[in-house]
Structure formats: structure tokens, C-alpha cells
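Engineer: One structure, as C-alpha cells, below. Some questions next.
The values are calculated or read from the model by the stated rules, or taken from the named source; none is laboratory data. In this text the structure is predicted, and so the values were computed from the model without any measurement. Please note: Cβ atoms are built from the backbone with ideal geometry, for glycine as well, and neighbour counts cover all protein chains shown. Areas reflect the complete protein model, heavy atoms only, side chains present, ligands, DNA and RNA absent. Shrake-Rupley method; radii C 1.70, N 1.55, O 1.52, S 1.80 Å.
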Amino acid sequence: MAKLSDAAAEAGFQLVHVAETGSTNQLALAAAASGEERPTWFLADVQTAGRGRRGKVWSTEPGNLSATLMLRDPAPATKIAELCFVSALAIDDAILTLAPDLESRLRLKWPNDGLIDGAKMIGILVEATTRGSLTHAVLGIGVNVRHHPGNAPYRTTSLNDEGFPVTRDQLFAALTASMMRALSVWNCGEGFAAIRAGWLARAAGLGQPIVVTHDKTRYEGIFAGLDPEGRLILDTPDGRQFLGVGEVSLMSQPMVH
């Protein structure tokens, strides 16, 4: 644990490391509510009630990564959603630092997943809480390092199952450094164009047919890119759509409900 604290401190963060929790995002939100001002990582060995987007469960077994970074007033409230792309680049860079041979196989799926050969390995959930003019953002990142669920409605995998014997601690140490770099590039939202370009260079399904669902609405079209605000650009038979929310399914994959 000392080495993890040192890695976090070297990148300018403090670390709260717990053996088990329901949700690292909830730990971070509670710290924000209590007035914590320092940028802080919350790391759990076991997460029993983690949440993905739309209330989906993201639990963490021992050996996997479950970590949340809390930031105090990192940018104007309208820019907070961009941190999902910042987080995606940070964890992607951390993984490739340890497993560079994955570069051609690891892709980012809008807005918050990481895939190896189309199988999910990374989940991200960015949340925010505002009190008056002060906003805290929490950046939750889960990675299948040693294990992956076998009962998901889509393909999943882990780093170890793909033949990369990386440990959770190695990945977290790399993440603290890559997150510091990504946040520096983002620069409180001023540098989102560079983050957007980096994300698009690793995007799954770019230029290909995809399906986007939101509530009961279904859109089919060609994934044409991201607009300057991070919305997905979808070219459909009815014209170009700009989507700020939704669940993406690549046409070669089963739908995620």
C-alpha cells in the first residue's frame, strides 16, 4: 500500500485505500460532501455495489481495478462530462504502458467503455455534485485485470485472460501518472480538442455502422465522429444526428440492454 500511496503522491494525488466498499464513487461523493479539497483517489480491493451508467452493476473481484478520482472544481460545470474522455485516454495509456502489444487491439467505445477485440474490459462512470458555485467531479474507473464476468449480455475479457499478467497495483500506479498527464492536456476544459482527437484515434466503430439506443429510441447509422462538445455524430438515412446520451452497439456485436 505504501508504494501505491507514493505513486499517487508523486502524481499530485492523495490515496484512500479500503479493503471493501459498496462503491468507490460513493466514497468519493461522500468525501466531496464533507468538504474534501485535495484531489483524491479512492481504491478498493473489493467493490460489491459498483454502478455503471444507467444504474448498471459493476462489481469488482479481488485482483481487478476499482478506483475513483475526486476532483474539486476541475472546470466549469458544462465541461465536466468531458472528463469521461479524459479518463478513457488515461486508463488506455496506463494499460498500454504495461502491455504495449495491445495497442492494435484496444479500442474505446463511446462514451465510457474500453474493449479488447470487441470484448468489454473497461468501464467508466463520471459523476458530479454541485454546492453553490462549487463542483466536485468523481471519475470512476473499473478494469477487468484478473477476472471478467461470465454472465454479461455482451462479451467480456480481462488483461490476464488475454495473456497479459499485469497486476492491479501495477495498473493503478501507471494510471496515477497517465491521469495527471491527461488532466494537464485537458487543462480545465481548454484542451478538450486534443483529448477529443486522441480519443477518436482509438475509437471503436469509427466510420462503421452502429446502433445507438436511448430509452426506447433507436438510431442506426454511420459513426462519423465527435462534435466539439463530445456528442456522437451519427449519419442516418434521415440525416445527421448529434447524440449526447445513449448506448452504442457495434453492428458486429449483440445489443446491450
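Engineer: Mind listing the phi-derived Karplus ³J(HN,Hα) values for region 92-102, rounded to whole Hz, using 6.51, -1.76 and 1.60 with θ = phi - 60°, and x for any glycine or proline?
Structural biologist: 4, 5, 4, 5, 6, 4, 8, 9, x, 5, 7
Engineer: If you count only protein heavy atoms and use a 1.4 Å probe, how large is the accessible surface of Ser23, to the nearest 10 Å²?
Structural biologist: Only protein atoms counted, so the area is about 10 Å².
Engineer: In deg cm²/dmol, rounded to 500, what helix-only [θ] at 222 nm does the chain give when every DSSP H run of at least 4 residues adds -39500 (n - 2.57) and the total is split over its residues?
Structural biologist: Per the formula, -7500 deg cm²/dmol.
Engineer: Whole-Å semi-axes of the chain's equivalent ellipsoid, largest first, each the root of 5 times a Cα gyration tensor eigenvalue?
Structural biologist: The three semi-axes for the chain are 27, 22, 17 Å.
Engineer: If you don't mind, another one. Hey, got a sec? Which GluC sites (Glu not before Pro) in region 125-203 land in a DSSP loop and have at most 13 other Cβ atoms within 10 Å?
Structural biologist: Glu190
Engineer: Got a number for carbon plus sulfur as a percent of region 1-155's accessible area, 1.4 Å probe?
Structural biologist: Answer for region 1-155 is 51 percent, counting heavy atoms of protein chains only.
Engineer: Provide the solvent-accessible area of Arg72, counting protein heavy atoms only and rolling a 1.4 Å probe, rounded to the nearest 10 Å².
Structural biologist: Ignoring ligands and nucleic acids, Arg72 comes out at about 100 Å².
Engineer: Across the chain, how many lysine pairs, 8 or more apart or on two chains, come within less than 25 Å at their alpha-carbon atoms?
Structural biologist: 8
Engineer: Something else now. With +1 on each Lys and Arg Cβ and -1 on each Asp and Glu Cβ, and nothing else charged, work out how big the dipole of the chain is about its Cα centre, in Debye to the nearest 20.
Structural biologist: 400 debye
Engineer: Moving on to the next point. Could you compute how much accessible surface Leu98 exposes when probed at 1.4 Å, giving the result in Å² to the nearest 10?
Structural biologist: 60 Å²
Engineer: Go through Gly198, Val145, Leu115 and say which Cα lies farthest out towards the positive end of the charge dipole of the chain; charges sit on Cβ, +1 for Lys and Arg, -1 for Asp and Glu.
Structural biologist: Farthest towards the positive end: Leu115.
Engineer: Taking Rh as the Kirkwood radius, which is the inverse of the mean 1/r over Cα pairs, what is the Rg/Rh value for region 114-159?
Structural biologist: 1.20
Engineer: Right, next: Given H placed 1.01 Å from N in the peptide plane, which residues other than close sequence neighbours of Gly63 have an amide H under 5 Å from its amide H?
Structural biologist: Amide H neighbours of Gly63: none.
Engineer: Rounded to two decimal places and with Rh computed the Kirkwood way over Cα pairs, what is Rg over Rh for region 105-257?
Structural biologist: Details: Rg = 16.6 Å, Rh = 17.0 Å.
Ratio of gyration radius to Kirkwood radius: 0.98.
Engineer: Mind listing P(r) for region 125-190? All alpha-carbon pairs, 5 Å bins, whole percents.
Structural biologist: P(r) over region 125-190, rounded to whole percents: 3, 12, 15, 19, 17, 13, 11, 6, 3, 0.
Engineer: A further question follows. Taking one equal scatterer on every alpha-carbon of region 193-257, how large is log10 of I(q)/I(0) by Debye at q = 0.19, 0.22, 0.27 1/Å?
Structural biologist: For region 193-257 at q = 0.19, 0.22, 0.27 Å⁻¹, log10 I(q)/I(0) is -0.69, -0.92, -1.28.
Engineer: Between Trp110 and residues 5 or more places away or on another chain, which pairs have amide H atoms under 5 Å apart, with H built 1.01 Å from N, and which residues are they?
Structural biologist: Ala204
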